[in-house]
Amino acid sequence: MKSAPYLAQSNSVRRVMLTVVAALLPALTVATWFFGIAVWVQVGQAVLACLLFEAAMLRLRGLPLAPFLTDGSAVLTGMLIGVCFPPLGAWWLVWVGSFFAIVVAKQLYGGLGHNVFNPAMVAFAVGIVSFPAQMAGGATVYAPLSNLEQLALIFSHTLPADLGWDALSSATPLNAVKVALSAEVPLPLALFSAGVSGVPNSLVGLAVAYLLGGGVLLWRRVVTWHGPVALILTLSTLASVGWLLSPARFAPPLFHLLTGSVMLGAWFIATDPVTGCTTPRGKLWFGAGVGVLIWAIRSFGSLPDGVAFAVLTLNMMAPLIDRHTQPPVFGRKKKASP
């Protein structure tokens, strides 16, 4: 509102998309601090790939390029793909993911506003299912690499002769938990043996940065609190119950919230107005459902992190949830059941 209740604040797709892009900048800054220039390399080529695939599909569909390429949706999808994929992953990973995000998940469904599934999560799901080893590699950087060495690793898969793979990456906290569950090793012992005594500072910093970005989206009224709060509370509750009942089997709630892409999913993925729910109660159910599936996949599934598959599953259920959570029309009463 600007000056009166009957004057709605002007808004547009471009303004919303650019606001979300700006809200991602704190997380990108933190990621660059910990992982180096490789983060921006992956984001940059993901944005370029999304724009090129978008332009190609628009041309094939006989649609004008400028209105759709400048609305910010392809840029935002590319940025989300860039932050989801490993910083030191092979260059072609983000191109494959961008193809499935834009061509398959977006344009083949009719473009922005018609897609059923979140494009960035489709890209990640295709990557983790089709190329699990490449998606797991280069996720955690412990050895200092120069900018040129990072570029060489991404584009030519080469490392300095005196630097081995073991110096580059090690088990992430979520992978250590998954190994412990599959081998029936007590969780604290598995974390200690994997060299993960707690949550790395990089993951804590990223979680805080995503939370800050979510606060910006709330302040600008781009998203509402329903989905993120429901997701975080549901995941925290289930993780707390599991941890209290069997601390050797289940990770504590703070561990779940700070690892993986939970905060990214809560504030930037589950709040997608196109593939998520639109009613207030529907957003609560959507967020709670994502939280349940994340905990279930992490605790009992074969994948270390289940954010993408949890979101994609709820994307399929969003129309049904909206249908049964519509608020009553003002001035009408619900029909009495026979």
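The values are calculated or read from the model by the stated rules, or taken from the named source; none is laboratory data. Predicted, not measured: the structure shown is a model, and the values here were computed from it. In this analysis, Cβ positions are derived from the backbone assuming ideal geometry, glycine residues included, and neighbour counts consider all displayed protein chains.
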Residues satisfying the stated conditions in the range 235-281, i.e. closer than 24 Å to Val122 by Cβ, out of contact with any His (no Cβ under 7 Å at 6 or more places or on another chain) and in a helix (DSSP H, G or I): His256, Met263, Leu264, Gly265, Ala266, Trp267, Phe268, Ile269
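Rundown of residues vs (1) modelled with pLDDT of 95 or more; (2) more than 22 Å from Ala270 (Cβ to Cβ); (3) not in a helix (DSSP H, G or I), yes/no style:
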site	(1), (2), (3)
Ala49	yes, yes, no
Pro64	no, yes, yes
Leu108	no, yes, no
Asn115	no, no, yes
Val129	no, no, no
Filter result for the condition that a residue is of a type outside the set (D, E, K, R) and out of contact with any helix residue (DSSP H, G or I) (no Cβ under 9 Å at 6 or more places or on another chain), over Leu245, Leu303, Leu254, Leu293: Leu245
Single residue of the range 229-243 satisfying the filter (farther than 21 Å from Leu217 by Cα and of a type in the set (A, V, I, L, M, F, W, C)) that is surrounded by the most Cβ atoms within 10 Å (Cβ to Cβ): Leu235
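Let's see how each residue does on (1) farther than 16 Å from Leu51 by Cβ; (2) crowded, with 22+ Cβ neighbours inside 10 Å; (3) under 18 Å from the mean Cα position of the chain (by Cα):
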site: Leu69; (1), (2), (3): no, no, no
site: Gly82; (1), (2), (3): no, yes, yes
site: Ala90; (1), (2), (3): yes, no, no
site: Val94; (1), (2), (3): no, yes, yes
site: Val103; (1), (2), (3): no, no, no
site: Ala120; (1), (2), (3): no, yes, yes
Filter pass, Val16 being surrounded by 14 or more Cβ atoms within 10 Å (Cβ to Cβ), of a type in the set (Val, Ile, Thr) and either at pLDDT 95 or above or not in a helix (DSSP H, G or I) (or both): no
Residues of the range 74-93 satisfying the condition of being touching a Gly at 6+ places or on another chain (Cβ under 9 Å) and part of a helix (DSSP H, G or I): Gly78, Ile81, Gly82, Cys84, Leu93
Residues that are in contact with a Phe, Trp or Tyr (Cβ under 8 Å, 6 or more places away or on another chain) and over 17 Å from Gly213 (Cβ atoms), drawn from the range 254-292: His256, Thr275, Gly276, Cys277
Checking Ser98 against (1) at pLDDT below 95; (2) within 21 Å of Ala74 (Cα to Cα); (3) not aliphatic (A, V, I, L, M), the condition it does not meet: (1)
